[in-house]
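These notes are about the structure you will find just below.
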Amino acid sequence: MSDTGDDDFMARRDAARDRLDRLFGSKGGNADDRRTWFEEVYDTAEGDPAAVPWADLKPKETLLDWLSRNPGGGRRALDIACGLGDNAQALADAGYSTTAFDLAQGAVDWAKARFANSPVEFSQADLFSPPADWQGAFDLVHECYTVQALHGELREKSYAAISGFVKPGGTLLVISRSRGEGEEASGPPWPLMPSEFARFEKEGLRLVGENSYEVERTGRIIPHVIAEYRRD
Ligand SMILES: C[S@@+](CC[C@H](N)C(=O)[O-])C[C@H]1O[C@@H](n2cnc3c(N)ncnc32)[C@H](O)[C@@H]1O
C-alpha cells in the first residue's frame, strides 16, 4: 500500500487535485453536480489512493483516541460518508457493530476491497435519502469531513440529516476542520464555524465535550475540532 507521506505519493496527489479542481462541480453546485464530482473522484482514480484528496489510508488519530476511552461492546455505530473505509474499520475494531455508507458506489466498492474480511456493513446511500430504518437507530454516529465538503443548501440540510440517526441516549461524534466565526473560506473544504457546530445542538443534541487541535499537513497548520454530542 502506498505511503501517504512519500514524495511520489504527494506528487500524484497534487496532480490529481489540479485535475479534479477543473471538473464541473468541484467548487459547489447543486446536489447532482456534487454527486457527479464525488463519483468522478473515485471512478477516475484508477485505484490510486493518491488521487482521492482526503484519503489518509489510516483512521483519524482523534477518533482512535476517543474510541480507546469509549469501546463499543457490540453497540451500533454509523460512519457517515465513509470514503475508503479506514474510520469505519476503526469503529468495528473498537467493538462497534458498524454500518458505513457513501454516496459514491466507487468509494463503497473500494472500501469493501480494502477491508475484505471486515464485519463492517458497507453500502451505497445518500445522506439526504437514507434507509428509513436508520432513523434514530444508532448508539454512535461518526461524522468526519462530510459537512465541510458541502456548501449551500446541502450543508444547511446536513446537520438535521446527521443528527437524525442518533438514538435516545446515543452519541454523535464530529471531527472537522474549523475556522473563526465569519472567517472567509474558499473551499472545498469549507471548515466549520462555531455557529455551525452549534447547529447540532439545535437538532436536539447536547454538547458534552469539545476539543480544538491542530493538524500539520504539507507544511500547513490546519485547525480542527472534535465535538461530542448526546441525545438525552
Ligand atoms: C471529504 S470526503 C470524507 C470521507 C471520509 N469521511 C473521511 O474522513 O476520509 C467526503 C465524502 O462524502 C461523500 N458524500 C458526499 N455527499 C454525500 C451524500 N449526500 N451522502 C453520502 N456521502 C456523501 C463523498 O463521496 C466523500 O467520500
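The values are calculated or read from the model by the stated rules, or taken from the named source; none is laboratory data. It should be emphasised that the depicted structure is a prediction, and the values quoted were computed from it without experimental measurement. Heads up, the Cβs are rebuilt from the backbone with ideal geometry, glycines too, and the neighbour counts pull from every protein chain shown. The area values use the complete protein model at the heavy-atom level, side chains included, leaving out ligands, DNA and RNA. Shrake-Rupley method; radii C 1.70, N 1.55, O 1.52, S 1.80 Å.
Odds and ends about this structure:
- Top-ranked residue in segment 133-154 [being in a helix (DSSP H, G or I) and of a type outside the set (Asp, Glu); ranked as nearest to the ligand (Cβ to nearest atom)]: 149
- Qualifying positions in segment 83-98 - surrounded by fewer than 23 Cβ atoms within 10 Å (Cβ to Cβ) and assigned to a strand (DSSP E or B): 97
- Among the residues of segment 121-171, those that are aliphatic (A, V, I, L, M) and touching a residue at least 40 places away in the same chain (Cβ under 8 Å) comprise 127, 137, 140, 141, 147, 149, 150, 154, 160, 162, 166.
- A single entry from 90, 116 fulfils the requirement of being more than 12 Å from the ligand (Cβ to nearest atom), free of Cβ contacts under 8 Å to residues at least 60 places away in the same chain and of a type in the set (Gly, Ala, Ser): 116.
- Answer residue from segment 21-36, given it is under 19 Å from the mean Cα position of the chain (by Cα) and closer than 21 Å to residue 217 by Cβ and is surrounded by the most Cβ atoms within 10 Å (Cβ to Cβ) among those: 26
- When segment 37-71 is filtered for residues that are hydroxyl-bearing (Ser, Thr, Tyr) and surrounded by fewer than 17 Cβ atoms within 10 Å (Cβ to Cβ), the ones remaining, listed by number, are 44, 68.
- Entry remark, segment 99-121: residues being crowded, with 22+ Cβ neighbours inside 10 Å and part of a strand (DSSP E or B) number 4 in total.
Table: residues versus (1) in a strand (DSSP E or B); (2) open to solvent by 40 Å² or more (accessible area, probe 1.4 Å); (3) within 25 Å of residue 93 (Cα to Cα).
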| residue | (1), (2), (3) |
| --- | --- |
| 156 | no, yes, no |
| 159 | no, no, no |
| 162 | no, no, yes |
| 183 | no, yes, no |
| 211 | yes, yes, yes |
| 216 | yes, yes, no |
| 226 | yes, no, yes |
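- Given (1) open to solvent by 40 Å² or more (accessible area, probe 1.4 Å); (2) part of a helix (DSSP H, G or I); (3) under 21 Å from residue 141 (Cβ atoms), number of the condition residue 74 does not satisfy: (2)
- All positions within segment 66-119 that are in contact with a Gly (Cβ under 9 Å, 6 or more places away or on another chain), of a type in the set (Phe, Trp, Tyr) and under 28 Å from residue 46 (Cβ atoms): 110, 115
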